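Visitor: Please find one structure pasted underneath; my questions will follow.
The values are calculated or read from the model by the stated rules, or taken from the named source; none is laboratory data. As the structure is a computational prediction, the values presented were derived from the model and not from experiment. All Cβ positions, glycine included, derive from the backbone under ideal geometry; neighbour counts span all protein chains shown. Surface accessibility is based on the protein's heavy atoms, side chains included, excluding ligands, DNA and RNA. Shrake-Rupley method; radii C 1.70, N 1.55, O 1.52, S 1.80 Å.
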Amino acid sequence: MLESGGKVLKEGLLEKRSDGLLQLWKKKHCVLTEEGLLLHPPKQLDNQQPTGEPGGKIKELHFSSMKTVDCVERKGKYVYFTVVMSEGKEIDFRCPQDEVWNAEITLQMVQYKNRQAILAVKSTRQKQQLLVVQLPGHKTARNSQNAA
């Protein structure tokens, strides 16, 4: 879960297009961390409803389930962009041009995925090293040096 911690890298207002028939733009208080993006409902902006209360649903967009940030378009005073999730869902956002949320989200997503790839490689190497050590009759460089 993203709520439990992580360094806050960017915080502020971002508008999300609703999924409903009218597709209205709704303001969200967003928090960008090294793990993903948290979207707080508008009522929580004014501290009218404490976090975690019923009806105060926080939406988490974790980088592990994010595919890309796409369709960046500058129109008037806004930048419009789409976050594409792994399951194919597309979430539309807009923000004032000078706030560069799209660039910040993209950068953090790429850094997250790079960290995960490095961890996967390290884990694979450790498993391979354990297998080599555990193979019966396999001579390692240390065993050869000790025998000499």
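Visitor: Where the second residue is of a type in the set (A, V, I, L, M, F, W, C) and part of a helix (DSSP H, G or I) and the first is touching a residue at least 40 places away in the same chain (Cβ under 8 Å) and within 25 Å of Leu22 (Cβ to Cβ) and lies in the range 89-116, which pairs have Cβ atoms under 8 Å and are six or more apart or on separate chains?
Guide: Cβ pairs passing all conditions: Phe93/Trp101; Cys95/Trp101.
Visitor: Separate question: Could you grab me the full set of residues in the range 61-90 that are aromatic (Phe, Trp, Tyr) and open to solvent by less than 20 Å² (accessible area, probe 1.4 Å)?
Guide: Phe63, Phe81, listed by residue number.
Rundown of residues vs (1) of a type in the set (Val, Ile, Thr); (2) touching a Cys at 6+ places or on another chain (Cβ under 6 Å); (3) under 21 Å from Leu9 (Cβ atoms), yes/no style:
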position: Lys77; (1), (2), (3): no, no, no
position: Tyr80; (1), (2), (3): no, no, no
position: Lys89; (1), (2), (3): no, no, no
position: Phe93; (1), (2), (3): no, no, yes
position: Glu99; (1), (2), (3): no, no, yes
position: Thr106; (1), (2), (3): yes, no, yes
position: Arg125; (1), (2), (3): no, no, no
position: Gln129; (1), (2), (3): no, no, no
position: Val132; (1), (2), (3): yes, no, no
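Visitor: Okay, next question. Can you work out which of the residues in the range 91-124 that are surrounded by 13 or more Cβ atoms within 10 Å (Cβ to Cβ) and among the acidic types (Asp, Glu) is nearest to Glu73 (Cα to Cα)?
Guide: It comes out as Asp92.
Visitor: Still on this structure: Just need a number here: residues in the range 110-148 that are at pLDDT 60 or above and either touching a strand residue (DSSP E or B) at 6+ places or on another chain (Cβ under 7 Å) or part of a helix (DSSP H, G or I) (or both).
Guide: Total meeting the criteria: 25.
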